[in-house]
1. State yes or no: is residue A:275 of a type in the set (Ser, Thr, Tyr) and surrounded by 14 or more Cβ atoms within 10 Å (Cβ to Cβ)?
2. Identify the residue in the stretch B:399-425 that is over 19 Å from residue B:234 (Cα atoms), part of a loop (DSSP other than H, G, I, E, B) and not small (Gly, Ala, Ser) and, among all such residues, is modelled with the lowest pLDDT.
3. How about the stretch B:1-12: which of its residues are open to solvent by 90 Å² or more (accessible area, probe 1.4 Å) and part of a helix (DSSP H, G or I)?
4. For the stretch B:110-136, what are the residues that are open to solvent by less than 50 Å² (accessible area, probe 1.4 Å) and touching a Gly at 6+ places or on another chain (Cβ under 6 Å)?
5. Just give me the residues in the stretch A:262-279 being aliphatic (A, V, I, L, M) and in a helix (DSSP H, G or I), in sequence order.
6. When residues of the stretch B:82-95 are filtered for being in a loop (DSSP other than H, G, I, E, B) and open to solvent by less than 80 Å² (accessible area, probe 1.4 Å), how many remain?
7. Looking only at the stretch A:201-253, which residues are over 21 Å from residue A:189 (Cα atoms), open to solvent by 40 Å² or more (accessible area, probe 1.4 Å) and among the hydroxyl-bearing types (Ser, Thr, Tyr)?
8. Can you tell me which of A:160, A:187 is within 14 Å of chain B (Cβ to nearest Cβ), touching a Pro at 6+ places or on another chain (Cβ under 9 Å) and not acidic (Asp, Glu)?
Amino acid sequence: MNVLELKDVRKTYQEHVACNNISFDIPEGKIFGLLGPNGAGKTSLIRIITTITRADSGSILFRGEPLNSTHPSQIGYMAEERGLYKKMKVEEQITYLARLKGLTKKEAKKELGYWLEKFNIQDWRSKKVEELSKGMQQKIQFITTVIHKPKLLILDEPFSGLDPVNANLIGDEIDELHKQGTTILFSTHRMEQVEQICEHIVLINKGTNVLSGSVSDIKAQFKEFLFEVSYRGALPNNIEEHITIISQDASKVVVKLRDVEHANNFLKYLLHHGTIVTAFNEILPTLNEIFIKIVGGKSDE
Amino acid sequence: MNKLWLIIGREYLSRVKKKTFILTTIFAPIGFVIFWIALIFIMSSGAETKKVALLDPSNILKIEETGKLRDGLIMYNYPKEDLESLKKTFEEDGFRGILHIPKQNLDSMTTNFEIEYYSNESLGMNTESNIKEGIEQRIKKLKMTQLNVNELTLSRLETKIEVLPKNIGAAEKEVSSYRAKIATILGYIMMILIYSVIFIYGNMVMRSVMEEKTNRIVEVLISSVKPFQLMLGKIIGVGAVGLTQFAIWAITLPLLYLGVAFVFAGKLQAVQQTLNTSTTSQTPDIGDIGAIWQELQNFNYTYIVVIFLIFFLAGYLLYASLFAAVGAAMGDDWGEGQSLTLIITIPVIIAFYIGFAVVENPTSTLAVWASMFPLFSPIVMPARIVFDPPIIEVVMSIVILIVTGIFFTWVSGRIYRIGILMYGKKTTIKDFMKWMFRKD
């Protein structure tokens, strides 16, 4: 089942088209990456999903139902721009936001206790937010996002501004929520994070959906049959008649081949000529490379 | 609905629990009381009696025959010394000055009378007027005996004129002259109250909206609640804070007033006395006080309070929603919003000035039209209400105000929902118009 199905979602702001017929599905329980350069329309799209704004046209299904105002209570949204009430105490703040998401006072208190203990910040519960460090505030922010156990968790650049320790901590929590079955929509322009975390991605640029699918499929789709060969001894002398060498050093060579069959033949050829092959690996393109290849220099920034 | 209550609760509690709220709520009445006590002390210290030597060698004032000269502030003594020797010793004898009556003629034809006051300090205004009054009274008495006029005859010459305003429209209604005076004061009080509420609490709403926008929590909030709910919750919550503060003051101020009146009863009496004796002609007599009291009871307070509350709440709603819209449109920068705030403050200030004119002349055309115009009516109509304007005008004014109030809240809601998500762009009035009609 899909948690979210977007079909031809379109949104314009006066003369500016923020989302131009975007369609994609988010399968339940997956970590889904929403990628795109700055200004591509990611935040506009998220605001539509969180019912902050409405699409001009197109349909959005949340767990099979057309998106309506009851759904946000099943969505947890951490905006890119973090914000809390500075003058409010930590526990009041979390309880208030939890209750706005529909939790009762009792449930909110219980969850609050659980999360404060989990992040080991019980001592801070009656401190005001402005007395907290940035990292601490981020933790509070994260708690307010997940306290109502959302079915869909939307994280807009969740690691921006986090130090490595806290980034890891939040990363672990995201993993755990994922294991518990939460679907996660992860919006970012930082590809290396997506590669580690996401199973499915959609790439949007200038409001248009340019690419979507599972990470492995997309990589396979964009692979250029580059192979890295580690060897001992010498390479055959006239090797460049058959293949293109991309790079080479004493014990390693990267070559570009035509297809998988060509790769097999190339391996046989090496062995036949007495080269000792210690490793033979296909090099898949990174999402970053794919991203740059598709978007090129054409992004808004 | 439930969420609206949560928002109202947070807006209300976060303010009521603030130190500044507690301090202003407690200290405003206390400050008022301190000011009042200080006033009592200042006035009663001015009422200090002065001992003065009165020398009347020619016995023109005939004091020895008919007893002592009396006056509230000046205590006269009559030493049997001549002026020159007394000049040297009067301070040792405890006198502040010597009042010397030089030899001159005094009969029923006298129009000018000279007296000399010797002292080392300058003649204060109070002392001078007290001396003048005392001597004048004395001479009046002497003249009365000479002319053979007694107190009764004299008082028969006096006629008190009363102007009775009669309303032609409502002939059966008896209107006393005090009613207009009391109504004027009540009108001013209500007008100033609503004016300050609109400004103080309207600004509070605006700052609160700006705060949520600048610290970016608003995006998280409106993913859980509708922007309109958030705005309305804020307006109601802040309004409730205002009502709480007024309710507390309405209870504590009269209590403190009574307390001070009780503790300083003696002093107050002294102040009252000096006021009475030194300005005999101006103090209202018992009949006046009775009439004022009577008149105060003649006002229909239930009606006035209900009407006041309606205009108070509807006027607050109208202006607070405008302030919320401006707060949403403003960026992180206070300065750039100034021109937008001006759009709201100008009508409030105009209304305030119209209010002053209206209290003076509550049936003028200006008064009638201004109390129909919804941006002015919250301030102008309460100023008029004590003058019993035609009920049809009151109802019309209320209907127009409430309808406009709801309309403005709706319009502001539309500006608000877009404004709070706009960053880094200077908002113009043109943007305001666009946002009003923009779809979600």
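The values are calculated or read from the model by the stated rules, or taken from the named source; none is laboratory data. Just so it is clear, the model here is predicted, and its values are computed rather than measured. Glycine also receives a Cβ, built like all others from the backbone with ideal geometry; neighbour counts cover every protein chain displayed. Ligands, DNA and RNA are stripped out before the accessible areas are found, and what is left, the full protein with its side chains, is counted by its heavy atoms. Shrake-Rupley method; radii C 1.70, N 1.55, O 1.52, S 1.80 Å.
1. yes
2. By that ranking, first place goes to B:425.
3. B:2, B:5
4. The one that is open to solvent by less than 50 Å² (accessible area, probe 1.4 Å) and touching a Gly at 6+ places or on another chain (Cβ under 6 Å): B:119.
5. A:263, A:267, A:270, A:271
6. 4
7. Residues satisfying the conditions are A:244, A:247, A:251.
8. A:187
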